[in-house]
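Shown next, in structure tokens, is the structure this report addresses.
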Amino acid sequence: MFDLYVGIDVAKESLDVCLLVDSKRFSTSNDSKGFVQLLKALPTPGSCLVVLEATGGYQRAVVAELVASGHQVAVVNPRQVRDFARGLGFLAKTDRLDAEVIARFGQQAQPRSLEKSSGIQQELQQLMTRRRQLIDLRTAETNRLETATTKSVVKSLLSMIEQLEKKIRQIEKEISRLVESDE
């Protein structure tokens, strides 16, 4: 049993968050920059249960980031949350409202949090760190591309960006494999 429940409504490009204890709500992007903001806004890892719906894969990266940071995370069935919302009389469906309903579902249903062995957690943490590093490198190379004027430098930058994107995709596949390996 936790003192605080956090609901996150996950979309392709955004995360709507509700901290149930004080109904604090905010939105952030569903990317590495948004994950940094999310982690700063959440309470100490282990003191809350973060609840998200399974959303066809859009939740994978944020789940991996949360677990790697030590948070207790539960991924729940969207149909069960929707049925719960109807039972409470929440008929409207907005991202902000969904985040609150997801948090309330977590509080009432007490879904099981994902459990990872310490070996898997360490591997996940290292993969997430490496993913962030590669994204930072790609951003730097993309910024350099904007000011490059010679054909050979542009060609070199494009080649490096392509290689970095390939490595990022490989890391993301490995992260997905680890996250999906837990029932």
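The values are calculated or read from the model by the stated rules, or taken from the named source; none is laboratory data. As the structure is a computational prediction, the values presented were derived from the model and not from experiment. Positions of Cβ are backbone-derived with ideal geometry, glycine not excepted, and every protein chain shown enters the neighbour counts.
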In the stretch 22-56, the residues that are under 10 Å from the mean Cα position of the chain (by Cα) and closer than 20 Å to R112 by Cα: L52
Flag for L97 being under 27 Å from R25 (Cα atoms) and free of Cβ contacts under 8 Å to residues at least 24 places away in the same chain: yes
Wholly enclosed strands (runs of 3 or more DSSP E) of the stretch 11-64 bearing at least 1 residues touching a helix residue (DSSP H, G or I) at 6+ places or on another chain (Cβ under 9 Å), among the small types (G, A, S) and modelled with pLDDT of 90 or more: 14-19, 24-29
Candidates V62, V17, V21, V67, filtered to the one that is under 16 Å from E100 (Cα atoms), surrounded by 16 or more Cβ atoms within 10 Å (Cβ to Cβ) and not assigned by TED's automatic domain parsing to the domain that holds T139: V17
Lone qualifier among E146, E141 - being surrounded by 14 or more Cβ atoms within 10 Å (Cβ to Cβ) and among the acidic types (D, E): E141
Filtered residues of the stretch 67-113 (kept if at pLDDT below 90, over 25 Å from Q125 (Cβ atoms) and part of a loop (DSSP other than H, G, I, E, B)): G89, F90, L91, A92, K93, T94
